[in-house]
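Remarks on the structure that follows.
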Amino acid sequence: MNHAKTFILLAAMTALFGGVGYLVGGAPGMAIAFIVALGINIFSYWNSDRLVLSAYRAHEVTPTDPNPVIRAFVGDVHSLAQKAQLPAPRVYLIDNAQPNAFATGRDPAHAAVAATTGLLGMLTREEVAGVMAHELAHIKNRDTLVMTVTATIAGAIGLLANFAWLLNGNRDREGGGSIFATIALMVFAPLAASVVQMAISRAREYEADRIGAEICGRPLWLASALQKIERGARSLINPEAERNPASAHVFIINPLRGERGDNLFTTHPSTANRVERLLALDAARRAAAGENPSAAGPSILPVTGAGKSAARGPWG
């Protein structure tokens, strides 16, 4: 099912790119657009990880890093990957105050996870583990390639639509085009691309939450982390994300702005809905272990270290 969704998504994005090419340049424009879309897909397949990591100026960190916090962070990621039966991914750090994280790479053997310095500074070690388990779930589900490819194609559609005015200038003067059609193309083509990628990315987030909770074994770690990340994303600007809005869906929480509800124009599910599902998973875990399913209560306080300041974790 996941492979079928991936095929449908890529086919829809490629068809949309070709349709925009037809509206801009007729049949020759559509043919050129399809060739370009094929080239983008091939290029993104081999370079998807480098594209997104470069856009966010991420730098690789290793288990031998002189900083003990970073060494522990990398070690935790590798331990979680082993538990998930995945090859150890490369680990990157992004110098950004907003707490957030993402995974990228064409397959599990060529995967990478990245976290911001804000994530390590604001979350507890357990919460960071929950976030990394979520990102490893994306790798396990092979979501990382399609998420990066769709971001690339969506950006290309937006660029092509922005060029529509220039490319259609001569046609308009010769009576072969319409200024209103051109404006509509500039507005609705990028919007349609965003709707396609957003609709499927939300379903992938729910599934990554579920599998991530299984990997780390503590759904509340991830639930608590999501709440803190959302608060941080609303109050702190991510300049690189603002310059690359087509890649917002690769993050665990929308880096552009927090959204409250699941609707057609959000890249991520509502955090409240995600937390509710994770609470249900934790209740089921407790019941299976013979514990009191309601012991966690209505809040996410039972996470180890959650009594510390919500602004800074023990790694801050």
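The values are calculated or read from the model by the stated rules, or taken from the named source; none is laboratory data. What you are looking at is a predicted structure, and each value in this text was computed from that prediction instead of being measured. Because the Cβ atoms are built from the backbone with ideal geometry, glycine has one as well, and the counts that use them run over all protein chains shown.
Brief remarks on what is shown
- Check on residue 67, of a type outside the set (A, V, I, L, M, F, W, C) and free of Cβ contacts under 8 Å to residues at least 60 places away in the same chain: yes
- Flag for residue 36 being modelled with pLDDT of 95 or more, among the hydrophobic types (A, V, I, L, M, F, W, C), on the phi < 0 side of the Ramachandran plot and surrounded by 14 or more Cβ atoms within 10 Å (Cβ to Cβ): no
- Selection from segment 78-96 of residues that are crowded, with 16+ Cβ neighbours inside 10 Å and closer than 24 Å to residue 241 by Cα: 89, 90, 91, 92, 93, 94, 96
- Any chance residue 136 is assigned to a helix (DSSP H, G or I), within 19 Å of residue 252 (Cα to Cα) and modelled with pLDDT of 95 or more: yes
- Pick from segment 96-130, criterion part of a loop (DSSP other than H, G, I, E, B) and touching a Gly at 6+ places or on another chain (Cβ under 9 Å), ranking: nearest to residue 81 (Cα to Cα): 111
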